[in-house]
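Novice: Can you read through this structure? Questions will come right after.
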Amino acid sequence: MRLMAAKRSSNRFRSLLGVSLAVLTLVGSLVSCTQTGGDNAADQPGSTTATTLADDDAEEGPAPSEPEPEPVPQLEWSECRTGLECADLQVPLDHDDPDGEKITIALARRPARDPGSRIGSVVVNPGGPGASGITAVSYMLLPAAVTERFDVVGFDPRGVGDSTALDCHSHLQAIYDADPTMEDAADADHYRTVSEDFVEECEVGHADLLPHLGTEDVARDLDLIRSALGDDGLTYVGYSYGTSIGQQYARLFPQKVRAMVLDGVVDLDRTGLEAAEDQARGFTRAMDAYVAECDATNCFGAPTREVVGQVIASSEAEPIPAPGADRPATPGVVTLALSQAMYSRLLWSRLTSALRDAGEGDATGLVALADSYLQRQSDGSYANGFEIYFGVSCLDSQWPDSFDEVLAAGKDVGSRYPIFGEALVNDYARCALWPGEADPLEPIPADIEGLAPLLFISTTGDPATPHESGVKVAAAIPGARLITNVGEGHTVFASGKPCIDRAASAYLVDLTLPDEDLRCD
């Protein structure tokens, strides 16, 4: 997830390629894995097996709320990258008009390592909005127990990458180079102007696509993917924003879920501004942890918080030169660099070096961190996908209609969370300008019928999807289990922490959930 529903996804997978904005990382070292009781423990005693799920489905029949099935699509796979096969899937632009205009969803799969014991496919989404599932599958390493028995399938959601893409990023540098904190009317006027330019480019170039980029549309695409793969039930792993996709799929197609691991949980029962403030608090806590660790080792020879403040103030007075980059570090660039580093503890040392250099007048390291967040390439171009962040976020949540109202909310949140609050909230001022009407996502209802038990993972120090969100969402869904990862960073499954990987793998392969919620230290 980006600074918001995933800021942004996001995404250990992209970080490894140098283009991540929400980094999924290995968090700390494993000490123990303990079971803890929770509100959900009473909902489903013992473990769940494939047999019991199948019996339940047979008794209940199709849920009345499930959409009518569309014709089973066909896939033609061909080798495309080392060890991967790729295919394109045609889906309706508008799922309410299945016979109308079609768009392309691009997929990639890595076949199961033991075809003789193959169970089916596990579909993965690395977050975003805007992260490429195809890129993720090309190098991600799910546990061996999973890859032996499942084809691992990734897809670029509508609007992203190799799928029918939203391509309107000419003004991305301008909107993120702009000062995200409003000191005077001139700041606000400039922020509005660059935002209007960005939104206008997207509206002019993609008027037909924009209304159909929401997560509910992606969830319906996902069901066509499941059908085309030949799986009766969906096995799915979603990170950050990918948990929004998973929750919407579970709400729309409860009896078509086989197993679902959702790591870095988005709480869909929040307005856009409420979720933005939640994230401001999460990023602030991550910064507090970074400051404490840096001060403990005397990173700078001065209090870390003072160093961060001095760099921010320097960029406000005048952009800091960056001889090794193509532009200096404005306040917007510095904020993005700080945000990117909070996604993973592995980036903290890089941030320390960048701050040290910036204090000496060279912000090249900060620009590089900001570019990683933006998926900005060395030639100044952008990977298709970042602008979809607004295409999705502005549709999925309720936002104020007034640009100035968002800026006022930014001031308010910034008073409580000075480093990140105002910048994070103001990022969504673009949603007050975005064409079309929002259609806020609905959470999975507590009385849903026929839904297989889900497995949630939430990290105590997660900046983008705070731990409280995972606790709340898991507690509200019948039969769900929660794994609490004690550590820093955004998401953790398949990063090598045995306590988590063992439990999640057992669930994906055997449909066996822990008897109780887990805590992995």
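Only the coordinates and a few stated rules stand behind these numbers; no lab work does. Note that the structure is a prediction, hence the values are computed from the model and not measured. A quick note on method: Cβ atoms are made from the backbone with ideal geometry, for glycine too, and the neighbour counts reach across all protein chains shown.
Novice: I'd like the GluC sites (Glu not before Pro) in the range 182-231 restricted to DSSP loop residues with at most 15 other Cβ atoms within 10 Å, sorted by number. Display every interim value, and only then the final one.
Specialist: Working: sites: Glu183, Glu196, Glu200, Glu201, Glu203, Glu216; in loops: Glu183.
In loop regions of the range 182-231 (DSSP not H, G, I, E or B), the sparsely surrounded GluC sites (Glu not before Pro) are Glu183.
Novice: Hey, can you grab everything whose amide H is under 5 Å from the amide H of Glu148? Only 5+ residues off in sequence or another chain; H modelled, so Pro and N-termini drop out.
Specialist: Distant-sequence amide H within range of Glu148: Arg113.
Novice: Say R0 is 45 Å: what FRET efficiency, to the nearest 0.05, do Asp114 and Gln377 get from their beta-carbon distance? Walk me through the intermediate numbers first.
Specialist: Working: r = 38 Å, r/R0 = 0.84.
According to the calculation, E is roughly 0.75.
Novice: Here's a follow-up. Here are several values of volume of the Cα convex hull per residue in Å³: (i) 194; (ii) 160; (iii) 135. Which one was derived from the coordinates shown?
Specialist: Checking each listed value against the structure points to (iii).
Novice: Suppose a student asked you for the relative contact order of the range 392-521, using Cα pairs under 8 Å spaced at least 6 residues apart; what percent would you report?
Specialist: On the way: 182 pairs, mean separation 25.3, N = 130.
Once divided by the residue count of the range 392-521, the mean separation gives 19 percent.
Novice: Same structure, new question: Can you tell me, using C-alpha contacts under 8 Å and at least 6 residues apart, the relative contact order of the range 285-414 as a whole percent? It would help to have the intermediate numbers written out before the result.
Specialist: On the way: 126 pairs, mean separation 24.8, N = 130.
Reported relative contact order: 19 percent.
Novice: Would the range 449-521 count as rounded, prolate or oblate if I go by the C-alpha gyration tensor, calling it rounded below 1.5 in a/c and otherwise prolate when a/b exceeds b/c, oblate otherwise? Show your work: numbers first, answer last.
Specialist: Details: a/c = 2.13, a/b = 1.22, b/c = 1.74.
Since a/c reaches 1.5 but b/c is at least a/b, the shape of the range 449-521 is classed as oblate.
Novice: Taking the Cβ of each residue in Tyr507, Tyr382, Tyr139 as the centre, tally the other Cβ atoms inside 10 Å and list the residues starting with the fewest.
Specialist: Numbers: Tyr507 24, Tyr382 18, Tyr139 12.
Fewest to most other Cβ atoms nearby, the residues stand as Tyr139, Tyr382, Tyr507.
Novice: Run the numbers on the chain and let me know its relative contact order in percent, using alpha-carbon pairs under 8 Å that are six or more apart. Walk me through the numbers before you get to the answer.
Specialist: Numbers: 1208 pairs, mean separation 128.2, N = 521.
Computed over the chain, the figure is 25 percent.
Novice: If I model a spin label as a point 7 Å beyond the Cα along the Cα-Cβ vector, how far apart are those points for Glu405 and Glu318 in nm?
Specialist: 4.1
Novice: Sticking with this structure for a sec: Say each of Thr193 and Asp295 gets a label point 7 Å from the Cα, pointing the same way as Cα to Cβ; how far apart are those two points in nm?
Specialist: Placing both labels 7 Å beyond Cα along the Cβ direction yields 4.1 nm.
Novice: By how many nm would the segment from Arg81 to Glu360 grow when fully extended, if each residue of separation counts as 0.36 nm and the alpha-carbon distance is taken off?
Specialist: On the way: separation 279, 0.36 × 279 = 100.44 nm, distance 4.35 nm.
This chain segment gains 96.1 nm when fully extended.
Novice: Kindly work out what percent of the DSSP beta bridges joining two residues of the chain are antiparallel, to the nearest 5. Please list the in-between numbers first.
Specialist: Numbers: 23 of 51 bridges.
About 45 percent, rounded to the nearest 5.
Novice: Now for a different question. Can you give the FRET efficiency to the nearest 0.05 for Ser170 and Asp99, using r as the Cβ-Cβ distance and R₀ = 22 Å?
Specialist: Working: r = 34 Å, r/R0 = 1.57.
The formula returns an efficiency of 0.05 here.
Novice: Residues in the range 473-497, backbone N under 15 Å from the label point at Asp288 (7 Å along the Cα-to-beta-carbon vector): list them, ranges by number please.
Specialist: Under cut-off, by backbone N: 487-489.
Novice: So, one more: Give me His490, His206 sorted ascending by neighbouring Cβ count inside 10 Å, so fewest comes first.
Specialist: Details: His490 35, His206 20.
Ordered from fewest to most neighbouring Cβ atoms within 10 Å, His490, His206 come out as His206, His490.
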